[in-house]
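Following: one structure in structure tokens, then a few remarks.
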């Protein structure tokens, strides 16, 4: 289920404490003459090459074979030494990001956004740990090659594999995209048997080898159910760290409201998606705002809001499949970026965003209860909020 998360814009929240371990490397050939600088007495180090100015003729300079790390790819397997004056002092510690379904279309858009610094910032180095399958492994190598050729300065490590117990090792973010996609005429419920098994196993792997504070974003559908399955199989990881992606529905709802109101979509705020990421979801137009005003004060067409708007958002994914022949990919990748940034940066004062979280199900149940006249509302929402589709 999706719930609105209200995040205060306070100084206490602004600085999110992320504790990560890192190993930096820069691309250059390792030569025999070098010196090594250890930044800290722990495992973390920055290293690159220093070439000797003296070459004794006619003997060619001896080049050592670079040491490799398990499951790393290409240039990202190399380890280099760094001169003291070249130490990178402004960058943060490296973040380990695991991505399942890494050879798929969504990941093909997402991985390059992650590597560019668009998601975690221009001073945050990352390591990408890419999970595929036996069938997709060759394509996974192709993805790693493209990342290698892109020369992203923030992308310090890339590893690929098909075993989640290896790929999820020490992961601090897990973006679980890999799942059997929904095809034309297929409902998400039909995917449950196949995908449920996938996410049960991935939950066990996260519980066994990932960081104890790993943040998990479940994208593969039915994402709400898959997130719950994954969570229940990872009892040692805080439940609040699991999220099902409802941001795509939020973005779709904002777009439709903006089109109807004749404004740009950045003027739409406070959008909430209630329920599952499916045709049973309920986009909350009663509490959304356009230019700071309640939607119903801007859009007077109540019938459109209660019928056409809700149905458009609910069925947008199915319509896209009919037009495109496959599930959305680029817009899903963008919504993942939006969701992560909302989680790691302060929310603008007075606004909120939607995310499916098991830890907030009780609060959501009470919020929905007041929409149907049952229970006591705990959310800061108006009382007159009966929405079409609420059951």
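Brief remarks on what is shown
- Averaged over residues, the count of other Cβ atoms within 10 Å places the peptides 210-216, 160-166, 170-176, 284-290 in the sequence 170-176, 284-290, 210-216, 160-166, highest first.
- Put in order of Cβ neighbour count within 10 Å, fewest first, the listed residues 180, 260, 300 become 300, 180, 260.
- Peptide ranges 109-122, 315-328 listed from the most packed, as the mean C-beta count within 10 angstrom indicates: 109-122, 315-328
- The shape of segment 203-267 comes out prolate: with a ≥ b ≥ c from the C-alpha gyration tensor, a/c is at least 1.5 and a/b beats b/c.
- Protection proxy ranking of 233-239, 271-277 - average other beta-carbon atoms within 10 Å, highest first: 271-277, 233-239
Each reported figure results from applying straightforward, stated rules to the coordinates on display, with no laboratory input. Computed from a predicted model, the values in this text were never measured in an experiment. For neighbour counting, all protein chains shown are included, and Cβ atoms are generated from backbone atoms with ideal geometry for every residue, glycine included.
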